[in-house]
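Below: the structure, in structure tokens.
The values are calculated or read from the model by the stated rules, or taken from the named source; none is laboratory data. Predicted, not measured: the structure shown is a model, and the values here were computed from it. We place every Cβ from the backbone using ideal geometry, glycine too, and count neighbours over all the protein chains shown. Remember, those area values only see protein heavy atoms, side chains included, never the ligands or the DNA or RNA. Shrake-Rupley method; radii C 1.70, N 1.55, O 1.52, S 1.80 Å.
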Amino acid sequence: MKWMLFSPEIFYLLAALCFLLLSMTGRLHRRRDHHIALALAVAGVAVCVASLQLEGSLFSETYKIDLFSQVFKLLLSVGLALVVGICSELRGIQERYEHEVYLLLFPCTLATMLLVSSIHWLGVYVSLELSSYSLYILVALRKDWTQGIEAGLKYFLVGVFASAMMLFGMVILYGTTGTLDVKQLAQILPGLMSHAAVVVGLLLALSGFFFKLAVFPFHFWAADVYQGAAHQIAAYIATVSKVAAIAVLVRMVAMLGGSSDYFVHVLAVLSVVSMTVGNLAAIAQKDLKRLLAYSTVAHAGYVLIGILSMNPGGYAGAIFYAMAILVMKFTVFLVLVKVAWDGTNLEVDGLAGLHRRSPLLAMALMVALFSLAGLPPTVGFTGKFLIFTAAMERGHFALVLIAMINVVISLYYYLLMLRAAYLLEPQEQCSPLSLSAPIKLLAGALVVVMVAAGIFPRYLMDLARNAAQGLM
Amino acid sequence: MSFLIGTEAIAHVAFWIVVGLTFGGAVIAVFPRNIIYNVLGLVMALSGVAGLYLYLGSFFIALMQLLIYVGAICISIVFAIMLSRPLHLEVPKRSVPKVAMAAGASAIFFAAVVGVIFKSNWVPAPEQSGDWSVVTIGHLLLTRYDLVFEVISLVLLVAIIGAIVTAGYSRRFSS
């Protein structure tokens, strides 16, 4: 049964069609829709778990299913399920378009799944467009529609620019090699890596993913889009979309990167600039989502270090870091969604008094921030540790040093958030936050996962290593 | 013999005319302040590209270029212009620093690309790699590029939903 290989994708396609039909009925049943979406998203996780061990290829060898792709599909499905989990009250979204949120989230996840498996540049490009288009619209659905449209338009313009760059790079690659099939390119490219055209083509072709990951020259959208989008959508962009971008970058660099020094240098420069710009810009931010956006830019820099190490340890580190980003960032957004329950944007000072309003959320926020900053014993520390050791193995000492300095800078603004949550007194009396039991359970589980994966990372590390092994 | 030289010369002349059309169209598409001229320039540039495809011997793609880009996309741009802000209103002035920065950035990129083009030795493609008839393309679309073909339909679906949603906004915008 070859179609079994395609089961996660088929499942998400059917789920998307289900919401297409629901949206045509016109009536809004908020609770029912949310329950259906949650059930489908959780079932999607189950399908991805079931298909974890599948291996093979489809569509004339242009679509590869291996442990790497399946691990990432599992991560993406978990990310979607988490995001749908906080969609019970979509106050940031216009009421009449609440159907469309699920209708677009599912195809977008489908597209990210296609991305991690495609090994033909055309397939990669089209899946990237599908996921980007869904996100442009999701961003524009913000209740305060001038804000939403503005953010959506900014996202769209930068995105179109990046995909034009990507197409240009693909053209150069095709012009020099005569093929866009990544497998064939992997055989041809090592001999051609000394040619400037090939390196430039490859870098441009990857720029679509630099855009998704908000790496330096394509990071301009991040802050405005996070600020303009509804919290849940921003959470989705910060988690699922980033994980997919990391996956594609890891696969493409592992298969095509070869041993070009120039290529490594460019990636190193991008990484350093992203880290530094992200962290320095984050310090100046008042709005919580803008701050998170710049911290994402910085994290993209750390991930790039793992990727440019070009050794199995580096790839495994990047995969592990993708898992870590998913959990850490989501936890912060969970807190954000619950604190700013009316769907308006939240300033950092708006977290004031959180430890009294909801001790559980305050603790979740603390663990997530420690993890983002990379303090032991959290999952973020392990991720950074794996990446930095892999980079040291390849002798990128200066790069690791700069990254360490950046980690210290980032500690400052993470602690500012923590200070707001624990030490600042709220200006007006705030009532305690009432959380539903599932949300409490989710917050608790996330804390446990972040700490447990930090102390006992063995299982996840092995998974990441095995996935990376399959790439080489 | 002189006949052969004649056709070659004509081919050369045709090539440069097409290149001129493309570049001229691109310039018109960027510089004039009247957006209708920009669209017409785009039409010209895209027709020029279609001519280039024809020159490369790809009749089908040239036709598709005309049909899709010139025929559909430019027309929809014209529609979009018709439905948006009236043309007789004052257009905002170009700010000099922005123009300078844009020109600088494009110049750097152009120099880099030209440098790359001259530095690398391109492998000349064989006369025509394989058979590019409509039948072959159709077969490829339904076999090798099956997934791409299907995903594009999803992209279109999402784009249509997006168009409906954003059109809803603009209707409220005007009322």
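Filter the stretch A:123-162 down to the residues that are polar (S, T, N, Q) and facing chain B (nearest Cβ under 7 Å), then identify the one that is surrounded by the fewest Cβ atoms within 10 Å (Cβ to Cβ). The qualifying residue surrounded by the fewest Cβ atoms within 10 Å (Cβ to Cβ) is A:127.
Residues that are free of Cβ contacts under 8 Å to residues at least 40 places away in the same chain and assigned to a helix (DSSP H, G or I) were ranked within the stretch A:45-69; the one that is nearest to residue A:5 (Cα to Cα) is A:49. Criterion applied to B:66, B:156 was being open to solvent by 80 Å² or more (accessible area, probe 1.4 Å), under 22 Å from the mean Cα position of the chain (by Cα) and modelled with pLDDT of 90 or more, and the one residue passing it is B:156. Applying the set (1) out of contact with any helix residue (DSSP H, G or I) (no Cβ under 8 Å at 6 or more places or on another chain); (2) surrounded by 17 or more Cβ atoms within 10 Å (Cβ to Cβ) to residue A:79 leaves exactly one unmet item: (1). Considering each residue of the stretch A:411-418 in turn, none proves to be hydroxyl-bearing (Ser, Thr, Tyr), open to solvent by 30 Å² or more (accessible area, probe 1.4 Å) and over 30 Å from residue A:274 (Cβ atoms). Only one of the numbered conditions (1) more than 22 Å from the chain's Cα centre (by Cα); (2) farther than 25 Å from residue A:275 by Cβ is not met by residue A:466, and that is (1). Checking each residue in the stretch A:100-123 for being among the aliphatic types (A, V, I, L, M), more than 22 Å from residue B:162 (Cα to Cα) and part of a helix (DSSP H, G or I) picks out A:116, A:122. Of all residues in the stretch B:131-164, those being of a type in the set (Phe, Trp, Tyr) and more than 7 Å from every other protein chain (Cβ to nearest Cβ) number 2. A single entry from B:14, B:45, B:29 fulfils the requirement of being surrounded by fewer than 17 Cβ atoms within 10 Å (Cβ to Cβ) and either free of Cβ contacts under 8 Å to residues at least 40 places away in the same chain or over 17 Å from the mean Cα position of the chain (by Cα) (or both): B:14. For the stretch A:92-99, the condition holds for at least one residue, the condition being that it is in contact (Cβ under 8 Å) with a residue 12 or more places away in the chain, more than 17 Å from the chain's Cα centre (by Cα), part of a helix (DSSP H, G or I) and away from chain B (no Cβ under 11 Å). If the condition is being in contact with a Gly (Cβ under 9 Å, 6 or more places away or on another chain) and of a type in the set (Val, Ile, Thr), then the stretch B:24-48 contributes B:27, B:28, B:30, B:43.
Just to verify a result, which residue in the stretch B:70-107, among those that are under 22 Å from the mean Cα position of the chain (by Cα) and open to solvent by 100 Å² or more (accessible area, probe 1.4 Å), is modelled with the highest pLDDT? Among residues in the stretch B:70-107 that are under 22 Å from the mean Cα position of the chain (by Cα) and open to solvent by 100 Å² or more (accessible area, probe 1.4 Å), the one modelled with the highest pLDDT is B:79. Hey, could you check the stretch A:191-210 for residues that are open to solvent by 30 Å² or more (accessible area, probe 1.4 Å) and assigned to a helix (DSSP H, G or I) and say which is farthest from the other protein chains (Cβ to nearest Cβ)? Out of the qualifying residues, it is A:191.
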